[in-house]
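First comes the structure, then the notes that go with it.
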Protein chains: 2
Amino acid sequence: MQSQTSGLIGAIEAGGTKFICALAQIDGAIVARARIDTRTPAECFPEVAAFFRHAQASHGRIAAFGVASFGPIDIDPTSPAYGTFTTTPKPGWQGARFHDVLGSFGAPIVVDTDVNGAALGEWLAGAGRGTRTLAYTTIGTGVGTGVLRDGRSLMGFSHYEMGHVHPTHDRVADPFPGWCPYHGDCLEGLVAGPAIIKRWGTSLDKLTDDPAKIDLIGGYIADLAADLVLMHMPDRLIFGGGVVKAPGLIEAVRRRTKARLNGYVRNARLEPGLESYIVTPGLGDDAGITGAIELGRQALARHQMQD
Amino acid sequence: MQSQTSGLIGAIEAGGTKFICALAQIDGAIVARARIDTRTPAECFPEVAAFFRHAQASHGRIAAFGVASFGPIDIDPTSPAYGTFTTTPKPGWQGARFHDVLGSFGAPIVVDTDVNGAALGEWLAGAGRGTRTLAYTTIGTGVGTGVLRDGRSLMGFSHYEMGHVHPTHDRVADPFPGWCPYHGDCLEGLVAGPAIIKRWGTSLDKLTDDPAKIDLIGGYIADLAADLVLMHMPDRLIFGGGVVKAPGLIEAVRRRTKARLNGYVRNARLEPGLESYIVTPGLGDDAGITGAIELGRQALARHQMQD
C-alpha cells in the first residue's frame with residue numbers, strides 16, 4: 001500500500017550528528033538535497049527552513065513533509081505535542097518541535113522515529129519488500145527496533161524502546177556487567193557499539209578472529225530476535241547498524257535465534273537456516289531518507305483523504 | 001470505537017474444556033446461552049449448530065458471528081484458512097474450521113484467539129476501558145497475551161505467543177529447570193499452573209505464607225510486563241487467570257516491574273506504584289463471551305462497510 005498521489009515532498013532524516021534534508025518528487029526521485037550539522041534547534045532549524053524555502057522556489061510548492069528523527073519524540077498524530085522532542089538529554093532539544101520549523105510552509109507533516117523511518121525505507125525499497133509485518137533493528141551507538149504493519153509503524157503510548165529488553169545473561173560465563181546506565185546488562189548495555197568497546201577495547205568487526213565473541217554478541221541479539229517473533233510475529237527481521245557489519249554476526253544471530261525458539265514456532269517463513277527470515281538491510285545509508293520521503297507521501301495521502 | 005450497528009450476534013467462547021455459546025442483542029444483552037463440552041469437532045460442532053439454529057428460530061436472524069477460541073488458530077482474515085485450527089495436538093482439531101459449523105447461517109464470521117477475545121471484553125466493559133493500547137495476559141494452564149490497539153487485536157503472520165519469552169532466571173538462586181517441553185525455563189515453563197504444581201506440589205494460592213515464592217513468581221511475570229512496556233508501550237497491562245488470583249501476586253508483579261524498568265520509561269501512566277497500570281481483570285469469567293460478542297459486532301460492521 002504505497003501511498004499514491006502527486007506533489008513535491010520535503011523529507012528530513014534527523015540524526016544526532018546530521019540532518020539530511022531532501023526535496024523529492026512523488027516517485028521518490030530526489031531533486032535537491034543538503035546535509036546540515038545537528039547543533040541546537042536555534043542553530044540548525046533556520047538552515048533547515050532556508051533549504052526548503054530555496055528548494056521550493058526552485059522546484060515548486062512542497063505538498064507535504066515527512067520527518068524521521070532521533071528521539072525520544074512524540075509520534076502520536078492525535079497528541080497536541082505531536083512532533084515534539086520529549087525527555088532527550090541533548091542540549092536544547094527537549095520541547096523542540098518540527099512543526100516550529102516546517103509549519104510556515106502550510107503543508108501536512110508526518111513525524112516518526114529514525115528507526116521507524118529506516119524500517120519504512122526497507123519495506124518500500126529494500127530488504128523488507130513484500131512483507132506485511134516487518135521488524136527493523138539497528139545496533140550501533142544504541143539499539144532500537146521499529147515494527148511496521150502494512151507500511152505503518154506501530155506504537156503504543158510512545159514509540160517502542162526495545163533496546164532495553166534483557167537477554168539471557170549468564171554472568172558466570174560472561175562476567176561483563178553491561179554498560180546501560182539504567183539496566184546494566186540490558187541488550188543495549190551488552191551489544192551496542194560503546195558496550196563492545198568498553199569490554200574489549202575495540203569494535204566487533206576487529207574481533208572476527210574470535211568466533212566465541214561473535215557468537216556471544218550474536219546470542220544476545222538473538223534473544224531480541226526470538227522475543228520479536230513471539231511478541232510481534234513479523235514476516236521478516238532486518239538487523240542493521242555498525243555492529244551488525246561484523247563478519248559472521250548475522251549468521252550467529254540466525255543460529256542462536258533458531259536454538260532459542262527450538263522449533264516452537266512452526267511456519268514456512270522460519271525455514272531451517274533462517275537465511276531469508278533474519279537479514280541485513282538492502283538500502284544501506286539511504287533507508288532513512290527513503291523512509292522519510294514515504295512518511296511525506298503518507299502525510300499527503302492523509303491530508304487528501306481529509307479534504 | 002465500539003462497533004455500532006443492528007442485528008442479533010452469535011458468539012462462541014471456545015475453550016479447551018467447554019464452549020460457551022450465546023445469542024446477544026447488539027447492545028450485548030444475552031438472550032440465549034448454552035455450555036457445550038469440548039470434545040472432537042465431529043461431536044461438539046453439531047451441538048453448536050443446533051444451539052444457534054434453535055436460538056435463531058426463537059429470537060430472529062443471526063446477523064454475524066464472533067468467535068474467541070483456543071488455538072493455535074489462523075486469525076488472519078485475508079488467509080484462505082481463516083478460522084482453521086493449525087498445529088494443535090488436541091485430537092481431531094487440527095484442520096477443523098469454525099466456518100464449517102457456522103457457514104450455513106450465511107452471516108459474516110470473525111474469529112480471534114481466546115486471549116484476544118478476553119482482552120476485547122476487558123477493553124469494552126472491564127479493566128481496560130479508556131485505553132487505546134491494551135495488553136491482557138492470562139496465566140493459568142498456559143500463558144498467553146493479547147494486545148489491542150483501538151479495540152482491534154494485533155497480529156503478525158500469526159497471533160502472538162508471548163508465553164514463551166524467557167524471563168531472567170538465576171539458576172543458582174532458583175534451580176528449578178522449568179517445565180516447558182520446548183524451552184524449559186521460558187515464562188510458561190516457570191509460572192504456569194502446572195509448573196508451580198510441579199515444583200512445589202500445590203497451587204500458588206496455597207503458598208501465600210511464603211512471600212519469597214510469591215516474589216519469585218511475580219518477578220518472572222514482571223519480566224514479561226517490562227518486555228510488554230518496551231515492545232508494545234500499552235496504556236495498561238491486565239493480568240488474569242488462576243495463578244494471578246494468589247494473594248500478593250499482582251503487588252509483586254508491580255514491584256518487580258518497576259525495579260526492572262528502573263525509571264527508564266517516563267510517562268504519567270507509569271505512576272510510582274503502578275497501581276492503575278498493572279491491574280487484574282474487571283469482568284472475571286464474562287470477559288471471553290463479552291469479547292466474542294464484540295467480535296461479532298466487528299464482523300457485522302465490516303460486512304456492512306463492504307455492502
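Readers should treat all values here as calculations from the given coordinates under stated rules, not as data from a laboratory. The model shown is predicted, which means the values in this text are computed figures rather than measured ones. Cβ coordinates were reconstructed from backbone atoms using ideal geometry, including for glycine residues, and neighbour counts include every protein chain displayed.
In table form, for the structure just shown:
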{"item": "Spin-label model distance (nm) - B:T40 vs A:R152, 7 Å beyond Cα toward Cβ", "result": "4.4 nm"}
{"item": "Rounded to 10°, Cα long-axis angle of helix B:41-59 versus longest principal axis of chain B", "result": "60 degrees"}
{"item": "Value of Rg/Rh across region B:132-284 [Cα atoms, Kirkwood radius]", "result": "0.95"}
{"item": "Cβ-Cβ FRET estimate between A:Q304 and A:I197, R0 fixed at 56 Å, reported to 0.05", "result": "0.70"}
{"item": "Cα-Cα over 29 Å, subset of B:K90/B:K213; A:K213/A:K258; A:K213/B:K213; A:K213/B:K198; A:K206/B:K258", "result": "B:K90/B:K213; A:K213/B:K213; A:K213/B:K198; A:K206/B:K258"}
{"item": "Backbone N under 16 Å from the B:K18 label point (7 Å along Cα→Cβ), restricted to region B:238-253", "result": "B:242"}
{"item": "Region A:234-307: trypsin sites (Lys or Arg not before Pro) falling in loop per DSSP and having at most 14 other Cβ within 10 Å", "result": "A:R266"}
{"item": "Mean residue ellipticity (222 nm) of the protein assembly as shown, computed from DSSP H runs ≥ 4 via -39,500 (n - 2.57), nearest 500", "result": "-10500 deg cm²/dmol"}
{"item": "Other-chain or far-sequence residues with amide H under 5 Å of B:I62's (modelled H)", "result": "none"}
{"item": "Descending principal axes extents, chain B, alpha-carbon based, whole Å", "result": "61, 43, 34"}
{"item": "FRET efficiency, 1/(1 + (r/R0)^6) with R0 30 Å, evaluated for A:D76 and A:N267 via beta carbons", "result": "0.40"}
{"item": "Cα long-axis angle, helix B:211-232 against chain B (0 to 90 degrees, to the nearest 10)", "result": "60 degrees"}
{"item": "Derived scalar couplings ³J(HN,Hα) [region B:257-262; Karplus, 6.51 cos²θ - 1.76 cosθ + 1.60; whole Hz; x for Gly, Pro]", "result": "5, 4, 5, 5, 6, 6"}
{"item": "Extension gain (nm, one decimal) between B:A212 and B:H54, 0.36 nm per residue minus Cα-Cα", "result": "51.6 nm"}
{"item": "Sites A:R33 and B:Q25 - FRET efficiency at Förster radius 60 Å, r taken between beta-carbons, to 0.05", "result": "0.50"}
{"item": "B:K245 versus A:R129: modelled label distance in nm, points set 7 Å from Cα along the beta carbon direction", "result": "5.5 nm"}
{"item": "Mean separation of Cα contacts under 8 Å, 6 or more apart, over the residue count of chain A: relative contact order %", "result": "22 percent"}
{"item": "Whole-number D in µm²/s for region A:1-73 (Stokes-Einstein; Kirkwood sum over Cα pairs; 37 °C, 0.692 mPa s)", "result": "258 µm²/s"}
{"item": "Equivalent ellipsoid semi-axes - Cα gyration tensor, the protein assembly as shown, angstrom", "result": "41, 32, 22"}
